[in-house]
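The next block holds one structure in the form of structure tokens; read it before the comments.
The values are calculated or read from the model by the stated rules, or taken from the named source; none is laboratory data. These figures come from a predicted structure and were not determined experimentally. When we count neighbours, we look across all protein chains shown, and the Cβ atoms used for this are built from the backbone with ideal geometry, even at glycine.
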Amino acid sequence: MFSRLPPVAKALLIANGIAFLLQLMLGGALSPFELWPIGLDQYNPAATPFMPWQLVTYAFLHDPSNLFHLLFNMLALVMFGSPLEYTWGSKRFAAYYFTCVIGAALCQLAVGWWAMSQGNPAGPTVGASGGVFGLLLAYGMLFPNQRVMLLFPPIPMKARTLVIAYGVIELLLGVSGAQPGVAHFAHLGGMLFGWLLIRYWRGQPPFGKRGPPRPRIVR
């Protein structure tokens, strides 16, 4: 199955695996590549300052103590990313994935800045989940009636239903704070930027025309 993966999905899979091994070997030496909140180093001198490259590099890192997080993201990358790359082509797929990654990072930075202004500074963010949630949204938009199977619990449902369910759950968890330590708004940010990019490609609102041109009336 690995040999049949499209090139970008395969490269992302390999890069995430190598980065995880480096994290296990080097420990905190890769912290400059995590996504750090803007201005956190002013409150905590031990914190790493935000750098522009972190908008991308954080998505290749995962918590070394949580192998399940990496495996779940890579499984979703294969399940949802491969059909999208075969449909769009590698260039458009890569553009979409990294748009979702960067969009998720921007949303997480905004949430981190707000939390810091409230006296609740957050730590760094890692993980490919922002890009993966963007892939999930795209899969639901391109193949809405395709049936998928959840892992926990093993319930089959349409892809469109899965996307809506995940979006609502992430929003509720993010607003309520019921699951701290998870970047729910980064997940939503990946979905939002993915939705906007697909709308842009399709020429749909808020981009392009708002509907078919009205016929001219000849008097």
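Structure notes:
- From the list Gln23, Gln42, the one residue that fits, being closer than 23 Å to Leu75 by Cα and part of a helix (DSSP H, G or I), is Gln23.
- When the range 16-49 is filtered for residues that are buried (at least 19 other Cβ atoms within 10 Å of the Cβ), under 22 Å from Cys107 (Cα atoms) and of a type in the set (A, V, I, L, M, F, W, C), the ones remaining, listed by number, are Phe33, Leu35, Trp36, Leu40.
- Residues located in the range 9-67, provided they are more than 27 Å from Glu85 (Cα to Cα) and of a type in the set (S, T, N, Q): Gln23, Ser31, Gln42, Asn44, Thr48, Ser65, Asn66
- Among residues of the range 118-167, those that are more than 15 Å from the chain's Cα centre (by Cα), farther than 27 Å from Phe20 by Cβ and not aliphatic (A, V, I, L, M), counted: 13
- Of the numbered criteria (1) over 17 Å from the mean Cα position of the chain (by Cα); (2) in contact (Cβ under 8 Å) with a residue 60 or more places away in the chain; (3) part of a helix (DSSP H, G or I), the one Ala76 fails is (1).
- Selection count where residues are more than 19 Å from Phe50 (Cβ to Cβ) and buried (at least 24 other Cβ atoms within 10 Å of the Cβ), scope the range 97-127: 2
- Scan of the range 45-73 for residues that are small (Gly, Ala, Ser) and either touching a His at 6+ places or on another chain (Cβ under 6 Å) or assigned to a helix (DSSP H, G or I) (or both), ordered by number: Ala59
- Among (1) in contact (Cβ under 8 Å) with a residue 12 or more places away in the chain; (2) surrounded by fewer than 11 Cβ atoms within 10 Å (Cβ to Cβ) - the single one Phe60 does not satisfy: (2)
- Residues of the range 80-138 satisfying the condition of being free of Cβ contacts under 8 Å to residues at least 60 places away in the same chain and on the phi > 0 side of the Ramachandran plot: Gly89, Gly119
- Per this entry, Tyr200 is counted among residues that are assigned to a helix (DSSP H, G or I), modelled with pLDDT of 85 or more, of a type in the set (Phe, Trp, Tyr) and surrounded by fewer than 17 Cβ atoms within 10 Å (Cβ to Cβ).
- All positions within the range 91-131 that are touching a Pro at 6+ places or on another chain (Cβ under 8 Å), modelled with pLDDT of 90 or more and part of a helix (DSSP H, G or I): Phe93, Leu109
- Candidates Ala138, Ala178, filtered to the one that is at pLDDT below 85 and small (Gly, Ala, Ser): Ala178
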